[in-house]
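The structure under discussion appears below in the form of structure tokens.
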Amino acid sequence: MTTTSTMTATTPTPRRVDPSAAVARTTSHSSVQETWVQILAMARRALKKMRRKPEQFFDVLIQPLLFTAMFAFIFGGAISGSVSDYLPVLIPGILAQTALTVCMATGVQLREDMDKGVFDRFKSLPIARIAPLAGPMIADLIRYGIASVLTLVTGLAIGYRPGGGVFGCVAGVALTVISGWSLAWIFTWLGTMARSAQSVQGISMMIMFPLTFLSNAFVPAETLPGWLEAFVKVNPVSHVVSAVRDLFNDGAVTAEVGWALVGCVVVVVIFAPLAVRSYSRKM
Amino acid sequence: MADLSAVRAESLVKDFGDFRAVDGIDLHVRQGEIFGVLGPNGAGKTTTLRMLATLLPIDGGHAEIFGVDVRREPHRIRQLVGVTGQYASVDEDLTARENLWLFARLQGLPGTRAKTIAGELLERFGLQEAADRPLSQFSGGMRRRLDLASSLITRPPLIFLDEPTTGLDPRTRGQMWDTIRELVTDGSTILLTTQYLDEADQLADRVAVIDRGRKVAEDTPDALKTQVGDSTLQLSLADGSDIALAANVVRRLLGEEPVLTPESGRMNIPLPDPNRAADVLIGLREAGLGISSVSVAKPTLDEVFLALTGHGADDEPQMEAAR
Ligand SMILES: Nc1ncnc2c1ncn2[C@@H]1O[C@H](COP(=O)(O)OP(=O)(O)OP(=O)(O)O)[C@@H](O)[C@H]1O
Ligand SMILES: [Mg+2]
């Protein structure tokens, strides 16, 4: 270092960059608190994008409205004898289906996002690898919230009167949001694995349809042939749907609620690390 | 601290399937210098930089940045290196200010500090007026500047610039050069890649020339240039069939081998001294060979390559037995 750094009092020139001090300051990984700040910054980015591209709310807005009304009037009579008898069965089912649709969008959008140049910068910055994945998912909580409330309101408009009252409804919506968020880790993992946004979409569809339709979301499981009933009963979506039904219709925190929550935890514990690992590998 | 190297890379290797994009490159960048990596398209410049920036796994060899092992401590490396990639890595859906704010927050700057830093950088890079416009309305040059600004938020001691001026107009390019020089004055070390000998000449203290994943030379720009002559005489003959005769004249007068270009009747002649151009022109007239155009220019990357590797920069990697 031959340059003499003259300190003139008037000009507030920043200090010279000192490599050895910089090396001494480095840390081997982000602390929990740093990671949290990073996740929130990423969530804020996702929120800004949502505000700027409201068209991505389309599925969240249209699907609950359309499906609730359509399913109620088409299947109501056949399955439960009347529309009003079917609504207590249907609304929790639609909720689960809508939440899964939002999950799918999470995976597809992550994949699209990852193909953009800015992800190169995220990778080159000293941030926890989970931040770019978890950030958007926090922002997605808003989407689950909107979708759930909208479904419920549509139900109320066409005559649904939940027996669980305000507590049941709030708890049911909360459970839906939690479940959606947890299941979204599966689709996030797919997003980090797949080659293109389109393939994420394709694979997600293949997962989503059996999960929703081979569950008790729209029909009582007892009406199905034995082998199908067996699958429906182990399908985690069935447990979420039953739990939400218990909450909405009876305001009861039953064992199903517990099972649904356990299922959520299991999904997150398995798929969050998988997603982070696959994301950090893809460099 | 005895070791004053910013980057020390030994026998770096990168394979993409069967294709070896980087084939045993050594780089030694000293603290406080501008080091240029010069090479044609596909030489492996970006790949080398991305490995050093922890964006690509290193398949072979060893790399240290300020003594920190790149492979073992990627998180530390990311705190030491600011990366400006070949293609702008900023968020198209956010404004310039939001981009800088986001990157600052991600690196742990408190909210208010992130705001002031973003403001300072926008001003420094002449982006204040466009600060709150969406990036889709940005020109290529503005995007590049924002990209560079984004790499400087934490004032990293080492900065990677991948072809920082490709696609910029001459004025913007000059500004970029000034900015790069300022960074070094502040104490940062710069590792940049370029396709232009001219740029390496203007900026770099030392240059490594890379070709097909290998380093073919490493020296100061001046030393590299003297290998190919200070300037080049570009000649077009009136009659293309005279080319062999003209080449003889050049050999006899200068003792240099003229480079025949793909257009017929054209040749580039390395000149050890620009004043020798007159000798060649007089020699050609005495031999009765007509000239349709003539100019004296700086040697191009193509000629450097030819001199160093024996093949032009654009040749497809055809018959290289060494592979
Ligand atoms: N992800 C990849 N998969 C397969 N091949 C790749 C990949 N990235 C680069 N390559 C190949 O590696 C070689 C070196 O590429 P690289 O991008 O490093 O060149 P470069 O010197 O930066 O060229 P340019 O001046 O065009 O930017 C090229 O032949 C390229 O096709
Ligand atoms: Mg490149």
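The values are calculated or read from the model by the stated rules, or taken from the named source; none is laboratory data. Keep in mind the model is a prediction, meaning the values are calculated, not measured. Counting neighbours? That spans all protein chains shown, and the Cβs are built from the backbone with ideal geometry, glycine included.
Numbers for the structure displayed
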quantity: Residue in segment B:101-114 that is more than 10 Å from every other protein chain (Cβ to nearest Cβ) and touching a residue at least 24 places away in the same chain (Cβ under 8 Å) present; calculated: no
quantity: Among residues of segment A:261-282, those that are among the charged types (D, E, K, R) and in contact (Cβ under 8 Å) with a residue 24 or more places away in the chain, counted; calculated: 1
quantity: Which numbered condition B:A104 fails, given (1) more than 20 Å from the chain's Cα centre (by Cα); (2) within 30 Å of B:E129 (Cα to Cα); (3) among the hydrophobic types (A, V, I, L, M, F, W, C); (4) at pLDDT below 95; calculated: (4)
quantity: A:V266 exposed (fewer than 14 other Cβ atoms within 10 Å of the Cβ) and either in contact with a Ser or Thr (Cβ under 9 Å, 6 or more places away or on another chain) or acidic (D, E) (or both); calculated: yes
quantity: Which listed residue is within 14 Å of chain A (Cβ to nearest Cβ), touching a residue at least 60 places away in the same chain (Cβ under 8 Å) and under 14 Å from the mean Cα position of the chain (by Cα), from B:D198, B:D205; calculated: B:D205
quantity: Residue tally, condition more than 14 Å from chain B (Cβ to nearest Cβ), among the acidic types (D, E) and not in a helix (DSSP H, G or I), over segment A:106-159; calculated: 0
quantity: B:D59 vs. criteria more than 8 Å from ligand 1 (Cβ to nearest atom), free of Cβ contacts under 8 Å to residues at least 40 places away in the same chain, surrounded by fewer than 17 Cβ atoms within 10 Å (Cβ to Cβ) and of a type outside the set (G, A, S); calculated: no
quantity: Checking A:P88 against (1) in a helix (DSSP H, G or I); (2) modelled with pLDDT of 90 or more, the condition it does not meet; calculated: (2)
quantity: Evaluation of A:G76 against (1) modelled with pLDDT of 85 or more; (2) in contact with a Phe, Trp or Tyr (Cβ under 8 Å, 6 or more places away or on another chain); (3) small (G, A, S) (one fails), failing number; calculated: (1)
quantity: Among (1) in contact with a Lys or Arg (Cβ under 9 Å, 6 or more places away or on another chain); (2) modelled with pLDDT of 90 or more; (3) within 14 Å of another protein chain (Cβ to nearest Cβ), the one test that A:G172 misses; calculated: (3)
quantity: Whichever residue in segment A:15-29 is part of a helix (DSSP H, G or I) and among the hydrophobic types (A, V, I, L, M, F, W, C) and, among such residues, is surrounded by the fewest Cβ atoms within 10 Å (Cβ to Cβ); calculated: A:A24
quantity: Which numbered condition A:V89 misses (of (1) under 11 Å from A:S148 (Cα atoms); (2) crowded, with 18+ Cβ neighbours inside 10 Å); calculated: (1)
quantity: Residues of segment B:176-220 satisfying the condition of being part of a helix (DSSP H, G or I), at pLDDT below 90 and surrounded by fewer than 18 Cβ atoms within 10 Å (Cβ to Cβ); calculated: B:D198
quantity: Count of segment B:224-256 residues which are in a loop (DSSP other than H, G, I, E, B) and either at pLDDT below 80 or surrounded by 20 or more Cβ atoms within 10 Å (Cβ to Cβ) (or both); calculated: 3
quantity: Any hit, segment B:124-141, residues being closer than 27 Å to B:F66 by Cβ, away from every other protein chain (no Cβ under 11 Å) and at pLDDT 95 or above; calculated: no
quantity: Residue that is farthest from B:R113 (Cα to Cα) [pool: residues in segment B:70-100 that are within 7 Å of chain A (Cβ to nearest Cβ) and of a type in the set (A, V, I, L, M)]; calculated: B:A88
quantity: Segments classed as helices (runs of 4 or more DSSP H), wholly inside segment A:167-274, with at least 3 members that are within 25 Å of A:A69 (Cβ to Cβ); calculated: A:197-213, A:236-245
quantity: Enumerated helices (runs of 4 or more DSSP H) restricted to segment B:23-121, each holding at least 1 residues that are within 25 Å of A:V23 (Cα to Cα) and more than 16 Å from ligand 2 (Cβ to nearest atom); calculated: B:74-80, B:96-106
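For (1) crowded, with 19+ Cβ neighbours inside 10 Å; (2) farther than 28 Å from B:V7 by Cβ; (3) away from ligand 1 (no atom under 16 Å from the Cβ); (4) in contact (Cβ under 8 Å) with a residue 24 or more places away in the chain, each residue gets a yes or a no:
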residue	(1), (2), (3), (4)
B:E92	no, yes, yes, yes
B:T95	yes, yes, yes, yes
B:T116	no, yes, yes, no
B:L135	yes, yes, yes, yes
B:F160	yes, no, no, yes
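To keep it simple, each residue is scored yes or no on (1) more than 17 Å from A:A131 (Cα to Cα); (2) at the interface with chain B (Cβ under 8 Å from one of its Cβ atoms); (3) surrounded by 18 or more Cβ atoms within 10 Å (Cβ to Cβ).
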{"residue": "A:S31", "(1), (2), (3)": "no, no, no"}
{"residue": "A:A43", "(1), (2), (3)": "no, no, yes"}
{"residue": "A:R52", "(1), (2), (3)": "yes, yes, no"}
{"residue": "A:M70", "(1), (2), (3)": "yes, no, no"}
{"residue": "A:G77", "(1), (2), (3)": "yes, no, no"}
